[in-house]
Amino acid sequence: MKWAVLVGGTGSNLRAILESGIKVHLVISHRADVPALRIAQTYGVPSRALLPRDFVDRAAYDAAIANSLEDFGVEAVALAGFLRWLTSPLIDRYRGALVNLHPSLLPAYPGLHAIERAFRDRVWWSGVTIHFVDEGHDSGPIIAQRPVPRFMNDTVEEFSERMHLAEHQLYPRVIQEVDRGRVTLVDGRVCYNEEESPWMHGHL
Ligand code: GAR
């Protein structure tokens, strides 16, 4: 599959995806001058910054994203720090081949600053979730989750670092599974090739 990664910030997950050998054909950022764009350049991946303020509304913005994806023949899309809600036509176009990473055990802590909010609540366990994108907010069918502990004397930085490490390990593996057709979306439910993807369920 030809993958695109949509970013907006640090790009640490983009880097993990690229390091894992997944062939990324296009990187789109919703912010200009972010480290994620520089990472794309370093790895020789075509990149574009599409800024929401240059478009009249969300539909026009998403149409521009769809056009870029089309230009590069993109077949599957991974969101990695792309902090904008997508509209239905774009979601529909890539349904089942559009995945998002979120730094919490969804449905807990959807939305922004999930790591900091969990830390402030002094939860002992949080984690990361990868899900197919649907029209809701951080709500689509869950593919994989990995729990991450908060230790007694953690600073928020230490806790964040542990969370990001889990993201970097899990996200590329899940993308590879989607890429190989071992995990699919059927009638709104996630289907696994049980023999090949037991780790998906978090038991390995
Ligand atoms: C990641 O922690 C990802 O889980 C989060 O943005 C960060 C991007 O980091 N995404 C969301 O909160 C989506 N709702 P990165 O730019 O270093 O990959």
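No value in this document is a laboratory result; all are computed from the given coordinates. Only a predicted model underlies this, so the values are computations on that prediction, with no experimental measurement involved. Glycine gets a Cβ as well: all are built from the backbone with ideal geometry, and neighbour counts include every protein chain shown.
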So for R0 = 35 Å, FRET eff. of Arg95-Gln169 from the Cβ-Cβ r, to 0.05, ends up at 0.85
Counting pairs of Cα atoms in the stretch 84-129, how many percent are more than 17 Å apart? 44 percent
Using alpha-carbon coordinates alone, the radius of gyration and Dmax of the stretch 84-199 in Å work out to 14.8, 46
With Kirkwood's inverse mean 1/r over C-alpha pairs for Rh, give me the Rg to Rh ratio of the chain, two decimals please. 0.95
Please give the charge dipole size of the chain, origin at the Cα centre, charges +1 on K and R Cβ atoms and -1 on D and E Cβ atoms. Round to the nearest 20 debye. 260 debye
Compute the FRET efficiency between Tyr192 and Leu83 as 1/(1 + (r/R0)^6), taking r as their Cβ-Cβ distance and R0 = 25 Å, and round to the nearest 0.05. 0.30
Nearest 500 deg cm²/dmol is fine: what mean residue ellipticity at 222 nm does the chain get from its DSSP H runs of n ≥ 4 alone, each adding -39,500 (n - 2.57), divided by its residue count? -10000 deg cm²/dmol
Per the Kirkwood formula on distinct C-alpha pairs, the Rh of the stretch 40-94 is how many angstrom? 12.3 Å
Alpha-carbon spread of the stretch 41-132, three principal axes, descending order, Å: 45, 31, 27
Around Val148, what is the net charge, scoring Lys/Arg as +1 and Asp/Glu as -1 over all other residues with Cβ under 15 Å from its Cβ? -2
Projected area of the stretch 63-109, taken from the Cα convex hull and averaged over every viewing direction, in nm²? 3.7 nm²
